[in-house]
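Throughout, read-outs are computed from the coordinates displayed, never taken from laboratory work. Keep in mind the model is a prediction, meaning the values are calculated, not measured. So basically every Cβ, Gly included, is an ideal-geometry build from the backbone, and we count neighbours across all protein chains shown.
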Amino acid sequence: MSTLSVEHLLGIKHLTKEDIHLIFETTDHFKQVINRPIKKVPSLRDITIANLFFENSTRTKLSFEIAQKRLSADVINFSAGQSSLKKGETLIDTVNNILSMKVDMVVMRHPKPGAAEFLMQHVDAKIINAGDGAHEHPTQALLDTYSIREKLGHVEGKKVVIVGDILHSRVALSNIFALQLLGAKVKVCGPKSLIPKYIEELGVEVETNLKKALQWCDVANMLRVQNERMEVSYFPSTREYTQQYGVTKALLDELDKPIVIMHPGPINRGVEITSDVADSNQAIILDQVENGVAIRMAVTYLLASKIKS
């Protein structure tokens, strides 16, 4: 069996093109599994995985948990909101306590960029980064690019625009790395106040006019406005943001070609996209959710195969 070139999944920037293709091939296999009447395989029966979420997350946490249970792993769930962290316990203390329970793999979401890498240096377990601050969210980028490949046949040469709050988004950065690695062309679109100054250094073009961006692209990935990460106001009002950067069915109908609409969720209906767009046949949002479970099964399985027995 082919193996990944990495020991942990910390970010897309550490992966090779071959790694992504291997993850996608493994995902194809697991998609067949989760569409069978019996959705479970005994692949990870002897593996214990701890899900450490130091930030609120419903979808990602649930997706990882379902993936792990489909693989028959033993799962420990830890939520920082109910933990000793509130009493001053450090990240290392918390993790060491959990590892003393003989955990083989840790899936972690943390508000600080670099937290997963820090963890990797201090504990003897495989680490999957489920989002670190506004840095990376590798499994989201993998499921997004996989969903594009599934819908359009391949990613290479496709034009993808990422729209919205690029500045606070870990999804945007991971998607840019994954899409470029697979040969797609990438633009970002949003208010100038929400576009990072370094973005063009990544080989990404900036387009501030939404209609021009949509006319150019094959796929539009609509990001959520992350109000919880904003300490100051980056645009005058939600209404004004929606008028300039919200996608409506009328706007899509004005284009001279159909485009694919994606959204990493949760959707602010009526802000980034209207309900009739979210529920239209141009949107592949529910496919992304289904693919998320299969992608996370693939990543977990491939990393678990590197655990020294």
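Mind checking which of ALA294, ALA172, ALA213 has the largest fluctuation in a GNM of the chain, springs on alpha carbons under 10 Å? The residue with the greatest mean-square fluctuation here is ALA213. For the pair THR90 and ILE38, a Förster radius of 41 Å applied to the C-beta separation gives a FRET efficiency near 0.45, rounded to the nearest 0.05.
Pairs of Cα atoms under 8 Å, at least six residues apart: use those to get the relative contact order of the stretch 138-287, whole percent. Write down the numbers at each step before the final one.
Working: 250 pairs, mean separation 35.4, N = 150.
24 percent.
Of LYS13/LYS306; LYS69/LYS126; LYS126/LYS158; LYS31/LYS158, which ones are farther than 29 Å apart at the Cα? With Cα atoms farther than 29 Å apart: LYS126/LYS158. Between THR58 and GLU240, the simple label model (points 7 Å from Cα in the Cβ direction) yields a spacing of 3.1 nm. Extension gain for LYS159 to ASP253 (0.36 nm times residue separation, less C-alpha to C-alpha distance): 32.0 nm.
Helix 170-181 and the long axis of the chain differ in direction by around 90°, with both axes built from C-alpha atoms.
Amide H to amide H distances under 5 Å link VAL247 with ILE273, THR274, where only residues 5 or more positions off or on other chains count and H is placed in the peptide plane. When the chain is treated as a Gaussian network with alpha carbon springs shorter than 10 Å, the biggest mean-square fluctuation among GLY164, GLY114, GLY11 belongs to GLY114. For the chain, a Gaussian network of Cα nodes joined below 10 Å ranks ILE12, ILE98, ILE49 by mean-square fluctuation, and the top entry is ILE98. Computed from backbone phi with θ = phi - 60° and the Karplus coefficients 6.51, -1.76 and 1.60, the 3J(HN,Hα) list for the stretch 275-282 is 4, 5, 6, 4, 9, 7, 6, 7 Hz; x is used for glycine and proline. For the pair the stretch 5-72 and the stretch 132-202, the centres of their Cα atoms are 21 angstrom apart. Straight-line reach from LYS151: which aspartates and glutamates have Cα under 15 Å away, leaving out those fewer than 8 places along the same chain? Within reach: ASP28, ASP218, ASP287, GLU290.
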